[in-house]
Amino acid sequence: LQWGTKEEKATSRFIIQKSGDGANFYAIDSVKATGDSGMIHHYQYTDYHLINGINFYRLKMVGLDGSFKYSPVRSVSDTINNLIVSCYPNPVRTGILYISTSVNCESVRLSDISGRILQTVSTHGFLNVLRPGNIARGVYFVRVIMEGGEKTVKILVN
């Protein structure tokens, strides 16, 4: 599991919760937060005990005062034969696109709706960043080339 924060204020920890049905969650571990920071921080956690089928996850983000909020629920399914790509935020508003993959990512290609390639980036790992810069609002395609195949994701730039 990989996630990032843009800004942290009085954050204590992230409790990783899991579910087999998407409704009944239980804590499997926690990760200490950076705390107070105006910088981007990346976190990751590996769940070595997958449930057969779909595994649902969410984060319980706990503040130093004990208050908490939940992240949106995300699911992970059997990825042996399925390449999974997630691009966020979508729509893109900040000029930064995070690309999460289920296997090692080798390169990312951004193209417009007519197929014109705007940017190609060599990558490595499971979480990468694409900085499309100042491109016009509209629909674009992100082609993600990974070990074992490729996937294309449609994104919207606002």
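The values are calculated or read from the model by the stated rules, or taken from the named source; none is laboratory data. From a predicted model like this one, the values you see are computed outputs, not experimental measurements. Cβ sites come from the backbone with ideal geometry, for glycine too, and all protein chains shown count toward neighbours. Remember, those area values only see protein heavy atoms, side chains included, never the ligands or the DNA or RNA. Shrake-Rupley method; radii C 1.70, N 1.55, O 1.52, S 1.80 Å.
Looking at (1) touching a residue at least 60 places away in the same chain (Cβ under 8 Å); (2) more than 19 Å from ILE84 (Cβ to Cβ), which one does TYR98 not meet, given that it meets all the others?
(2)
Given VAL85, VAL92, VAL103, which one is touching a residue at least 60 places away in the same chain (Cβ under 8 Å), out of contact with any Lys or Arg (no Cβ under 9 Å at 6 or more places or on another chain) and farther than 23 Å from LYS32 by Cβ?
VAL92
With the requirement that a residue be at pLDDT below 90, assigned to a strand (DSSP E or B) and open to solvent by less than 50 Å² (accessible area, probe 1.4 Å), what does the range 132-157 give you?
Residue satisfying the conditions is GLY149 alone.
Residue by residue through the range 20-52, note down the ones that are among the aliphatic types (A, V, I, L, M) and either over 20 Å from VAL129 (Cα atoms) or in contact with a Pro (Cβ under 6 Å, 6 or more places away or on another chain) (or both).
Within the range 20-52, ALA23, ALA27, ILE28, VAL31, ALA33, LEU50, ILE51 qualify.
For the structure I just gave you, tell me whether ASP65 is assigned to a loop (DSSP other than H, G, I, E, B) and open to solvent by 50 Å² or more (accessible area, probe 1.4 Å).
yes
Here is a list: ALA33, ALA23, ALA27, ALA10. Which entry is without any contact (Cβ under 8 Å) to a residue 12 or more places away in the chain and either open to solvent by 60 Å² or more (accessible area, probe 1.4 Å) or not β-branched (Val, Ile, Thr) (or both)?
ALA23
If I filter the range 106-123 for residues that are within 13 Å of the chain's Cα centre (by Cα) and either open to solvent by 70 Å² or more (accessible area, probe 1.4 Å) or farther than 26 Å from MET39 by Cα (or both), do I get at least one hit?
no
Hey, LEU64 hits all of (1) more than 19 Å from the chain's Cα centre (by Cα); (2) without any contact (Cβ under 8 Å) to a residue 12 or more places away in the chain but one; which does it fall short on?
For LEU64, the exception is condition (2).
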